[in-house]
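Below is one structure, written out as structure tokens, with a few remarks after it.
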Amino acid sequence: MNQEFEHVRSWVFDLDHTLYPPQTRLFDQIEARMVAYVKRALSVDRATADKLRADYWREHGTTLAGLMHHHNVDPEDFIEDVHDIDFSVLSADPDLRARITDLPGRRIIYTNGGADYAERVLEARGLSGIFDAIYGVEHADWRPKPERAAFERVFARDGLAPERAAMFEDDPRNLKVPHALGMRTIHVAPAPHTADHIHHHTHDLSGFLAQVVP
């Protein structure tokens, strides 16, 4: 095993754009449904709804967090609505399944989406049944990454020891707290992001995991 990861016994994976490639455009469907939801819930035009969607994501970590903070939106209703999408754009990835299965210790999903949505993504990717736990934003009491309180609630619920864990994420913001907690941090994205809180970058998760556990 790669010696930089010899101490790791909990492997935490984000979901969107981490366990499937961005070019599938799955999240485009979610963003379109978010815009429609904001337009309907706040009685604004589409341009305003799209701006609020993006602004709240930047300011609060997720669009949902902004809607809850400013408009008291029901999070369960929002999550159910925006994740009503077509998963057929995803395909199974047997190599990624094998690489994740080879990791020693607990394998965990932690997403700012809902846990039910995560399960449907995993099913479409052929990754069902290989994770020990799946945590959605509801398990953080609707607080989103990158908030420290969100990580602390999920990790406390899991019993995870951050100093013996690694985090895989596409959003660099969401690796700051894991780094501060002592986790190994891996940025998964087409282009690298240089920051002190990122230990590694990869555009190929399967290939990276093959180096972790040859």
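The values are calculated or read from the model by the stated rules, or taken from the named source; none is laboratory data. Keep in mind the model is a prediction, meaning the values are calculated, not measured. Methodologically, a virtual Cβ is constructed for each residue, glycine included, from the backbone with ideal geometry; neighbour enumeration extends over all protein chains shown. All accessible areas refer to the heavy atoms of the entire protein, side chains included, with ligands and DNA or RNA removed. Shrake-Rupley method; radii C 1.70, N 1.55, O 1.52, S 1.80 Å.
So is Asp171 among the charged types (D, E, K, R) and under 26 Å from Asp77 (Cβ atoms) or not?
yes
Only one of these conditions is not met by Arg125: (1) farther than 30 Å from Gln3 by Cβ; (2) touching a residue at least 12 places away in the same chain (Cβ under 8 Å). Which number is it?
(1) is the only condition that Arg125 fails.
Residue check, Leu19 against (1) closer than 19 Å to Phe151 by Cβ; (2) open to solvent by 20 Å² or more (accessible area, probe 1.4 Å); (3) of a type outside the set (Ser, Thr, Tyr), all met but one. Which one?
Only one criterion in (1) closer than 19 Å to Phe151 by Cβ; (2) open to solvent by 20 Å² or more (accessible area, probe 1.4 Å); (3) of a type outside the set (Ser, Thr, Tyr) is unmet by Leu19, namely (2).
Select, from Leu96, Leu122, the only residue that is at pLDDT 95 or above and under 16 Å from the mean Cα position of the chain (by Cα).
The conditions single out Leu122.
For Asp50, state whether it is out of contact with any Lys or Arg (no Cβ under 9 Å at 6 or more places or on another chain) and not small (Gly, Ala, Ser).
no
Within region 157-179, does at least one residue satisfy the condition of being under 24 Å from Ile85 (Cβ atoms), open to solvent by less than 30 Å² (accessible area, probe 1.4 Å) and over 12 Å from the mean Cα position of the chain (by Cα)?
no
Kindly indicate which of His83, His71 is of a type outside the set (A, V, I, L, M), open to solvent by 20 Å² or more (accessible area, probe 1.4 Å) and farther than 25 Å from His203 by Cα.
Matching residue, one of His83, His71: His71.
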